[in-house]
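Reading through the structure tokens given below for one structure.
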């Protein structure tokens, strides 16, 4: 079966590698344009582009799946498309090119958490399980018929980064299994209820990662988990941002919202209900460090965090 693959980030690149390792015939790769990386803003190829180049696969870079992209894909004569976090919605003219349509690997148990940030949203909600769905693309946002799913238990201390790594492995195995029995899965696919009003998760930005100490403690801890490794949860201290990479709920009593002290060797701050341990922080321009070490370096009895 001739496969066209579309994807951009590292997890998509790992799925592409899995397809190639299983000797599937990938006849072309679509990814997004080179993007600036780091403080220097140097243009870098996507991880998917790197894999395509390593294996000498036909490669097209485009942020807009326009008619020219459609012509390129049609020229490859694919039987099936597979898409993993490409970054743009494919319209009907592209969806209809492969004879068997397109399969999408999505990191949630649809219909729950469609959209751009299912892993982060699952952590924000404090879910203890999640999973991967392989479904057929249509013009909606993750609304197509479901072919296969696999559930995953989420570690209580897991971050978006660690969950995504776990789901990438599970998702790669799931899509390989789905391809082995594709006719069976196509014959038993489950259509999603188009009338079901499920909120679509949005692309994560830095503003969404800001910690408000008027939040409940569990919400703060879940926010820290969901925003790690990008864009990383943060608060302000004396008009400077401080990132929080690790946190936990504390039983330390009596702290007002945003008031931070050193307690039993940990930096503890008050929230709307319970206290929160800021276990690992990163002040602006510095490397990550224990929250307690940052506090000691300020030589204060307490801090007011906003």
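The values are calculated or read from the model by the stated rules, or taken from the named source; none is laboratory data. Just so it is clear, the model here is predicted, and its values are computed rather than measured. Note: ideal-geometry Cβ built from the backbone for every residue, glycine included; neighbour counts use all protein chains shown.
Things to note:
- Which numbered condition residue 239 misses (of (1) at pLDDT below 95; (2) surrounded by fewer than 14 Cβ atoms within 10 Å (Cβ to Cβ); (3) more than 16 Å from residue 303 (Cβ to Cβ)): (3)
- Flag for residue 210 being modelled with pLDDT of 95 or more and farther than 11 Å from residue 124 by Cβ: yes
- Residues that are under 16 Å from residue 124 (Cα atoms) and at pLDDT 95 or above are absent from region 252-268 altogether.
- Comparison of 262, 305 shows that the only residue that is in contact with a helix residue (DSSP H, G or I) (Cβ under 7 Å, 6 or more places away or on another chain) and either touching a residue at least 24 places away in the same chain (Cβ under 8 Å) or not assigned by TED's automatic domain parsing to the domain that holds residue 213 (or both) is 262.
- Candidate set from region 46-57 (those that are part of a helix (DSSP H, G or I) and under 22 Å from the mean Cα position of the chain (by Cα)); member that is farthest from residue 103 (Cα to Cα): 50
- Selection of region 213-235 for residues being out of contact with any strand residue (DSSP E or B) (no Cβ under 8 Å at 6 or more places or on another chain) and outside any helix (DSSP H, G or I) yields 215, 216, 229, 230, 231.
- Applying the condition of being touching a residue at least 60 places away in the same chain (Cβ under 8 Å) and buried (at least 21 other Cβ atoms within 10 Å of the Cβ) to region 212-223 and asking which residue is farthest from residue 10 (Cα to Cα) yields 213.
- Out of 66, 56, 34, sole residue that is within 22 Å of residue 138 (Cβ to Cβ), surrounded by fewer than 18 Cβ atoms within 10 Å (Cβ to Cβ) and in the same structural domain as residue 166 (by TED's automatic domain parsing): 66
- Subset of region 200-210 that is assigned to a loop (DSSP other than H, G, I, E, B) and in contact (Cβ under 8 Å) with a residue 40 or more places away in the chain - its residue that is surrounded by the most Cβ atoms within 10 Å (Cβ to Cβ): 204
- Once region 58-97 is narrowed to residues that are in a loop (DSSP other than H, G, I, E, B) and touching a helix residue (DSSP H, G or I) at 6+ places or on another chain (Cβ under 8 Å), the residue that is nearest to residue 22 (Cα to Cα) is 58.
- Residue check for residue 191: at pLDDT 95 or above and surrounded by 14 or more Cβ atoms within 10 Å (Cβ to Cβ): no
- Residue check for residue 173: surrounded by fewer than 19 Cβ atoms within 10 Å (Cβ to Cβ) and either closer than 28 Å to residue 78 by Cβ or free of Cβ contacts under 8 Å to residues at least 24 places away in the same chain (or both): yes
- The criterion of being assigned by TED's automatic domain parsing to the domain that holds residue 12, under 28 Å from residue 153 (Cα atoms) and surrounded by fewer than 15 Cβ atoms within 10 Å (Cβ to Cβ) does not hold for residue 197.
- Only one of the numbered conditions (1) under 20 Å from the mean Cα position of the chain (by Cα); (2) over 30 Å from residue 183 (Cβ atoms) is violated by residue 114, and that is (2).
- Residue identified as in a helix (DSSP H, G or I) and in contact with a strand residue (DSSP E or B) (Cβ under 7 Å, 6 or more places away or on another chain) among 167, 176: 167
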